[in-house]
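The values are calculated or read from the model by the stated rules, or taken from the named source; none is laboratory data. No experiment lies behind these values; they were computed from the predicted model shown. Virtual Cβ from ideal backbone geometry, glycine too; neighbours counted across all protein chains shown. With ligands, DNA and RNA removed, areas are computed over all heavy atoms of the protein, side chains included. Shrake-Rupley method; radii C 1.70, N 1.55, O 1.52, S 1.80 Å.
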Amino acid sequence: MRRMVRRIVLFVLLVFVLYLLISTILYSSYRINSVSMQPTLGPGDLVLVSRFEYGISLPFGGKRWEGSTKIQRGDIVLVRPPYVVEEGFWNRLYNHIRSLRPGGNQGKRLMVKRVIALPGDSLRAENFSYFIKPPDRRQYIKELELIKTDYQRKSSDPLETPQNLIIPFNGTLSTRHLRENEFFLTGDNRLFSSDSRSWGPVSRDRILGRVVLRYWPFSDFELFRR
């Protein structure tokens, strides 16, 4: 009897460790819990995140092997915002386990956003539209002309803007230059999105993976191609 119990415990432990490794290194699920990515993604949508396209990270160790695929403008990514303070091993383990349930997430500790600008880019915004100047260009280019990914943005007419809307979420952004290892992220719902406009550019190590598909609701199943 004890041998049987021991085998069951070892089997359950092995399955858990494998699931932990797969969800950390290969793929993980995430539930959208805000309107910031509408109309692309809405509250309750379940998405699959590829953890290895940009490289592989050791679970809880912080070490990363860079992948052959680079982060591109237009990619939808899972990000740990700059205001989330790094924690000790046991807290990271606990939060990671909480996020492993199907569609699990870590509240505001992780977010899904779109990459708008890359290291070396300069950018500015007018009326919720971005103009980007890559290092090899002399002039600013409209984001939808520069970014190859086809996506829709959502913003409201200024006359419909709520009176209590805080300043970081308005449609104007003064010129900013991204330094090495800095990425500028936004939500597709420009009016109601906490993103790089308010918490600044993010470093490479905070981008955890690329959203590759929406699998729920099944009627809205969609692959996000590059």
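The table below lists the values:
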read-out: Which of 8, 71 is most accessible, then next, and so on - probe 1.4 Å; value: 8, 71
read-out: Under 5 Å, built H, 5+ apart or other chain: amide partners of residue 209; value: 78
read-out: Accessible heavy-atom area order of 1, 37, highest first, probe of 1.4 Å; value: 1, 37
read-out: For peptides 210-216, 73-79, 134-140, sequence by mean Cβ density within 10 Å, most packed first; value: 73-79, 210-216, 134-140
read-out: Label-point separation, residue 5 to residue 141 (7 Å along Cα→Cβ), nm; value: 6.6
read-out: Rounded FRET efficiency, nearest 0.05, which uses the C-beta distance separating residue 27 from residue 66 and R0 of 22 Å; value: 0.75
read-out: Mean-position separation - Cα centroids, segment 126-146 and segment 33-55, in angstrom; value: 24
